[in-house]
Structures are given as C-alpha cells and as structure tokens.
Amino acid sequence: MAKIKLTKNELKKQKDSLKMFQRYLPTLMLKKQQLQAEIRTTEQRIRELSDEKNRIDEGFKVWIAVFGETGVFTNETLKIVSVRTTQGNIAGVAIPIFQGADFETVPYDLLSTPLWLDIAVERMKQVLLLDLEAQTLEEQRKRLDHELRVTTQRVNLFEKIKIPETKVNIKTIQVYLGDQQTSAVVRGKIAKRGLARAASTGGVS
C-alpha cells in the first residue's frame with residue numbers, strides 16, 4: 001500500500017476516489033454480465049452452425065459415389081470472391097457481423113457435365129457460408145473474451161483492492177486527524193490552565 005498523507009486534503013481526495021470506485025463498479029459488473037451473456041449466445045450460434053453443416057455433410061454422402069468422377073468437381077469449380085461483413089458494437093466492443101459472401105463458379109458445359117454438379121455447387125455454397133459465418137463468430141467471441149478478461153480484472157481491482165484500500169486509508173486519516181484534534185484540545189486546556197495559574201501567581205503581592 002502506498003504511503004498516504006495524513007491531511008484533510010488527502011482525506012477529501014480519498015473520499016472522492018471511493019465515491020468514484022463505488023459509482024463505476026456496478027457499471028463494470030453490468031458490463032461483465034452482458035459480455036458473458038453475449039459470449040454464451042455466440043457459442044450457441046456456433047454450435048447451431050456446426051450442426052447445420054453436419055446435416056448438409058450427411059446429405060453430401062449421397063453424392064460421394066458420383067463425386068468419384070474425376071475432373072468434374074474440383075477446388076477451382078467454386079471460388080469465394082468476397083466476404084461481406086459490417087461493424088457492430090456489443091458493450092463497447094467493436095465486432096464484425098457476417099452479412100454474406102459472393103461466389104464465382106467456373107463456367108461449365110451443361111451438356112457435358114453430370115446433372116448433379118449444379119446441386120453440388122449449391123450445397124458447397126451452403127457449407128462455405130456456414131464456415132464463413134462461423135469464422136466471423138469466432139472472431140466475435142475472441143474479441144468479447146478479451147474484453148471480458150479486461151473487465152473482470154477491473155472489477156476485481158475495484159472490488160478487492162481499490163475500494164477496501166481506500167476505506168482503510170480514510171479510516172487511518174480520520175483516526176490520525178481525530179487524535180490530532182484531541183491532542184490540540186488537551187494542549188489547549190493545559191495551556192489555558194497554565195495561563196490561569198500564571199495570572200493567579202502574578203496577582204499575589
């Protein structure tokens with residue numbers, strides 16, 4: 001604990017600090033709760049996307065035998081051109097919000113390619129969209145987790161260190177100033193009695 005000045009000015013400073021800590025602590029605690037709730041919501045959405053992707057993957061199994069046709073569906077068949085996001089704000093944290101994506105399909109001859117290729121392309125788009133949204137949500141969670149750690153540290157700092165420390169400082173200064181006042185009163189009385197005796201003695205012939 002840093003050494004404090006045992007003065008009235010320091011007492012006022014400590015009382016002002018205590019008021020500030022007590023005023024901001026509820027706000028920080030509310031922010032902490034909000035961040036925790038948002039993180040739970042984000043994690044739930046990530047799980048939902050994962051389940052949806054698994055459902056589509058199960059559907060893809062129907063096409064596994066067909067995909068065995070070499071050279072029909074490759075990594076070049078479908079490309080991501082751009083990912084669209086906007087900026088959001090949760091509890092003062094800037095987060096990306098997934099809006100969608102733009103794809104480019106390599107032109108292919110409808111007569112010379114299997115009928116299943118169109119369906120495969122559309123399902124692959126669905127999977128990619130789920131993956132991209134999940135990646136965006138992971139970035140959201142990462143930022144919210146970081147802010148939650150910082151906010152929790154501040155809550156602990158205020159609640160467990162600053163507020164108790166400031167209360168002790170106030171009590172220490174008040175006790176000291178009280179003792180000083182008592183000593184001053186005692187010294188004043190002693191001085192007054194001394195003056196009274198001196199006046200009484202000086203008055204005797």
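The numbers here are math on the coordinates, done by the rules we state, and not lab data. Worth saying up front: this structure is predicted, and the values here are computed from it rather than measured. Cβ coordinates were reconstructed from backbone atoms using ideal geometry, including for glycine residues, and neighbour counts include every protein chain displayed.
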Report summary line: Note, residue 136: beta-carbon cut-off 12 Å, +1 each Lys/Arg, -1 each Asp/Glu, net +1
Requested in this report: Calculate, in nm to one decimal, what residue 10 and residue 30 gain on full extension: separation in residues at 0.36 nm each, minus their alpha carbon distance.
Outcome: 4.1 nm
Report summary line: Going through 12/160; 31/79; 3/192; 142/171 one by one, the pairs whose alpha carbons sit over 32 Å apart turn out to be 31/79; 3/192; 142/171
Report summary line: Protection proxy (average C-beta count within 10 Å per residue), highest first, orders 164-173, 5-14 as 164-173, 5-14
